[in-house]
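Report on the following structure.
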């Protein structure tokens, strides 16, 4: 799997949220560099698990739709 990437806008927004969180909760100024390092760490460590869970959720949802489809379109030949 290729490394997860964020668009520049998403990365900037997330870095802003992290900097605000650290300021509000921990009374600590977080540099943009450190915020981006935290984002990179989270993408490397949590990203694959979140991605795999999303794929599994979609698979289960689609499987349910396919199971419903068989009941909706099945025609009994009656022979």
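Look at residue 10 and say whether it is loosely packed, with under 13 Cβ neighbours inside 10 Å and under 16 Å from the mean Cα position of the chain (by Cα).
Considered against the rule, which asks whether it is loosely packed, with under 13 Cβ neighbours inside 10 Å and under 16 Å from the mean Cα position of the chain (by Cα), residue 10 comes out as yes.
Taking residue 76, is it surrounded by fewer than 10 Cβ atoms within 10 Å (Cβ to Cβ) and either farther than 30 Å from residue 23 by Cβ or in contact with a helix residue (DSSP H, G or I) (Cβ under 6 Å, 6 or more places away or on another chain) (or both)? Give the derivation first.
Working: surrounded by fewer than 10 Cβ atoms within 10 Å (Cβ to Cβ): yes; either farther than 30 Å from residue 23 by Cβ or in contact with a helix residue (DSSP H, G or I) (Cβ under 6 Å, 6 or more places away or on another chain) (or both): yes.
In short, yes.
Looking at (1) at pLDDT below 90; (2) exposed (fewer than 12 other Cβ atoms within 10 Å of the Cβ), can you tell me which one residue 27 breaks?
(1)
The values are calculated or read from the model by the stated rules, or taken from the named source; none is laboratory data. This structure is a prediction, so every number in the text was calculated from the model and none was measured. Methodologically, a virtual Cβ is constructed for each residue, glycine included, from the backbone with ideal geometry; neighbour enumeration extends over all protein chains shown.
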